1. By count of other Cβ within 10 Å, fewest leading, how are 19, 68, 53, 77 ordered?
2. Kindly put 28, 62 in sequence by how many other C-beta atoms sit within 10 Å of each C-beta, fewest to most.
3. Can you give the extra length, in nm with one decimal, that the chain gains between residue 80 and residue 56 once fully stretched, where that is 0.36 nm per residue apart less the Cα-Cα distance?
4. When all alpha-carbon pairs of the chain are counted, what percent fall beyond 18 Å?
5. In the Gaussian network model of the chain, springs joining C-alpha atoms below 10 Å, which of 12, 38, 65 carries the largest mean-square fluctuation?
6. Over the chain, what is the mean sequence separation of C-alpha contacts under 8 Å (at least six apart), divided by residue count, expressed as relative contact order in percent?
7. On a 0 to 90 degree scale, rounded to 10, what angle separates helix 49-60 from the longest Cα axis of the chain?
8. Before anything else, pin down the relative contact order of the stretch 11-51: Cα pairs under 8 Å, at least 6 apart, normalised by residue count, whole percent.
């Protein structure tokens, strides 16, 4: 399955934790974490196998650790980064 089949970007959120993901490709994602009142953004390019597995697991919502999220949710949170 290629990126077009998955319809990237894909959005996920950790269940019960304020961490949001925008998965851009099967090797690239942006993560926003809420730490106290702050929101911190990081970008990850998966060069190593564990990072690639993490993205695969997020896409599959493996073990119900992630839930499907929407673009609007991610965009609202991204405006709080800083």
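1. 68, 53, 19, 77
2. 62, 28
3. Fully extending the segment from residue 80 to residue 56 adds 5.9 nm.
4. Counting pairs separated by more than 18 Å, the tail of P(r) holds 38 percent.
5. The residue with the greatest mean-square fluctuation here is 38.
6. About 31 percent, as a whole number.
7. It is inclined by approximately 80 degrees.
8. 28
Values in this text are rule-based calculations from the coordinates and carry no lab data. No experiment lies behind these values; they were computed from the predicted model shown. Glycine also receives a Cβ, built like all others from the backbone with ideal geometry; neighbour counts cover every protein chain displayed.
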